[in-house]
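Have a look at the structure below before the remarks.
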């Protein structure tokens, strides 16, 4: 048993254990999405502008809905696989079928924002008997692995020629890769200064082998996420080179995941237009409208399919009991949650 498996005595941040956020904090993502979407759509307020945007939606291939259905299913299953295998490695016995139902049920919260879905997943696994510190550590590990992977994917895109003329984004990717390298170095060296922090100590104790295993478990999910987005763009006639997709799409995934908007709505579309308009046909206005239509359609279709999966899983006994088990806990204050849970 590693030190990670044997340590304990930690609590989750207030956001995760369910402290009710203030009214302002609850509404910030909705306000951000509304403001940014309004700004994005402002150029299309005129009749001619609306015609350009509506015409862009008609460019969607008949395969678009097929991509949405099978892409969302593949994302759900690959995420469930990574979640189940990672939890099982650290002693939480979740089968793949059970995890699929749990992740499907929590997908209803992912519809609002992936960060909220992760928080609910943490509470679900905790309420099913896994010590709180262990649950939080594994979820934190999976998120760190995801960030490292998208940095590496962007680095691969940069290596094979996907960088633009502007140096700003390549510099940001270089910084992300540097941080990932420092993270790996810290895992290997295990400096004492970092080990004093309980949260960081969890990641240090996972070790290089633990991170490598979690990396392999999560890799299919990242590949499916990127492939699905590329297929959406192809369905709208956006002929994006693979190198450019690898370079930019991780940034898109990061923007959508940051909990400052609802499902990345607004900021995600702004980034899509900035990154991909150069690869759509037509003049600048037509190209931007095409990318914007693709981005809105992809978000809407993926959200719709994810919600269907969520409602299906919520209809099962496993999904229903999991969500019901956290309803009361979600409203408890952090002080009411035990701070001294040991990992067995």
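Mind checking which pairs have a first residue in the stretch 55-82 that is more than 30 Å from residue 217 (Cβ to Cβ) and a second that is buried (at least 22 other Cβ atoms within 10 Å of the Cβ), Cβ under 6 Å, 6 or more apart or different chains?
56/289; 56/290; 56/293; 57/293; 59/236; 60/236
Only one residue in 222, 230 is without any contact (Cβ under 8 Å) to a residue 24 or more places away in the chain and within 15 Å of residue 75 (Cα to Cα), so which one is that? Break it down into steps so the answer makes sense when it comes.
Numbers: 222 fails: without any contact (Cβ under 8 Å) to a residue 24 or more places away in the chain.
230 is the lone residue from the list that is without any contact (Cβ under 8 Å) to a residue 24 or more places away in the chain and within 15 Å of residue 75 (Cα to Cα).
Output the residues belonging to the stretch 95-108 that are surrounded by fewer than 19 Cβ atoms within 10 Å (Cβ to Cβ) and either under 17 Å from residue 216 (Cβ atoms) or free of Cβ contacts under 8 Å to residues at least 40 places away in the same chain (or both).
Those that are surrounded by fewer than 19 Cβ atoms within 10 Å (Cβ to Cβ) and either under 17 Å from residue 216 (Cβ atoms) or free of Cβ contacts under 8 Å to residues at least 40 places away in the same chain (or both): 95, 96, 97.
State yes or no: is residue 81 within 22 Å of residue 321 (Cα to Cα), in a helix (DSSP H, G or I) and modelled with pLDDT under 85? Please lay out each step first, then the result.
Numbers: within 22 Å of residue 321 (Cα to Cα): yes; in a helix (DSSP H, G or I): yes; modelled with pLDDT under 85: no.
Against the criterion (within 22 Å of residue 321 (Cα to Cα), in a helix (DSSP H, G or I) and modelled with pLDDT under 85), residue 81 does not qualify.
Yes or no, residue by residue, for (1) touching a strand residue (DSSP E or B) at 6+ places or on another chain (Cβ under 9 Å); (2) farther than 30 Å from residue 137 by Cα; (3) buried (at least 19 other Cβ atoms within 10 Å of the Cβ):
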| position | (1), (2), (3) |
| --- | --- |
| 45 | no, yes, no |
| 50 | no, yes, no |
| 57 | no, yes, no |
| 72 | no, no, yes |
| 81 | no, no, no |
| 88 | no, no, no |
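Looking at 335, 300, which is the one that is at pLDDT below 75 and either in a helix (DSSP H, G or I) or in contact with a strand residue (DSSP E or B) (Cβ under 7 Å, 6 or more places away or on another chain) (or both)?
Working: 300 fails: at pLDDT below 75.
Going through 335, 300 in turn, the sole match is 335.
Those residues that are surrounded by 12 or more Cβ atoms within 10 Å (Cβ to Cβ), part of a helix (DSSP H, G or I) and at pLDDT 75 or above, I need them from the stretch 180-197; list them, please. Step through it out loud before you land on a result.
Restricting attention to the stretch 180-197, the residues satisfying the condition of being surrounded by 12 or more Cβ atoms within 10 Å (Cβ to Cβ) are 180-181, 183-184, 186-187, 190, 194-195.
Checking the rest, the ones that are also part of a helix (DSSP H, G or I) come to 180-181, 183-184, 186-187, 194-195.
If the condition is that a residue be surrounded by 12 or more Cβ atoms within 10 Å (Cβ to Cβ), part of a helix (DSSP H, G or I) and at pLDDT 75 or above, then 180, 181, 183, 184, 186, 187 are the ones that fit.
If residue 313 satisfies every condition in (1) farther than 27 Å from residue 77 by Cα; (2) surrounded by 19 or more Cβ atoms within 10 Å (Cβ to Cβ) but one, which is the exception?
With (1) farther than 27 Å from residue 77 by Cα; (2) surrounded by 19 or more Cβ atoms within 10 Å (Cβ to Cβ) applied to residue 313, the lone miss is (1).
Of the residues in the stretch 223-254, how many are under 19 Å from residue 68 (Cβ atoms) and in a helix (DSSP H, G or I)?
Residues meeting the conditions: 17.
Go through (1) more than 24 Å from residue 253 (Cα to Cα); (2) in a helix (DSSP H, G or I) and name the single condition residue 93 misses.
(2)
Can you tell me which condition residue 265 does not meet? The list is (1) in contact with a helix residue (DSSP H, G or I) (Cβ under 7 Å, 6 or more places away or on another chain); (2) within 24 Å of residue 103 (Cα to Cα); (3) part of a helix (DSSP H, G or I), and all the others hold.
In the conditions (1) in contact with a helix residue (DSSP H, G or I) (Cβ under 7 Å, 6 or more places away or on another chain); (2) within 24 Å of residue 103 (Cα to Cα); (3) part of a helix (DSSP H, G or I), residue 265 misses (3) alone.
Answer yes or no as to whether residue 200 is under 17 Å from residue 90 (Cα atoms), without any contact (Cβ under 8 Å) to a residue 24 or more places away in the chain and not in a loop (DSSP other than H, G, I, E, B).
Taking the combined requirement at face value, the residue satisfies it.
Would you mind finding the one in 260, 270 that is assigned to a loop (DSSP other than H, G, I, E, B) and surrounded by fewer than 19 Cβ atoms within 10 Å (Cβ to Cβ)?
Of the residues listed, the single one that is assigned to a loop (DSSP other than H, G, I, E, B) and surrounded by fewer than 19 Cβ atoms within 10 Å (Cβ to Cβ) is 260.
The values are calculated or read from the model by the stated rules, or taken from the named source; none is laboratory data. In this text the structure is predicted, and so the values were computed from the model without any measurement. All Cβ positions, glycine included, derive from the backbone under ideal geometry; neighbour counts span all protein chains shown.
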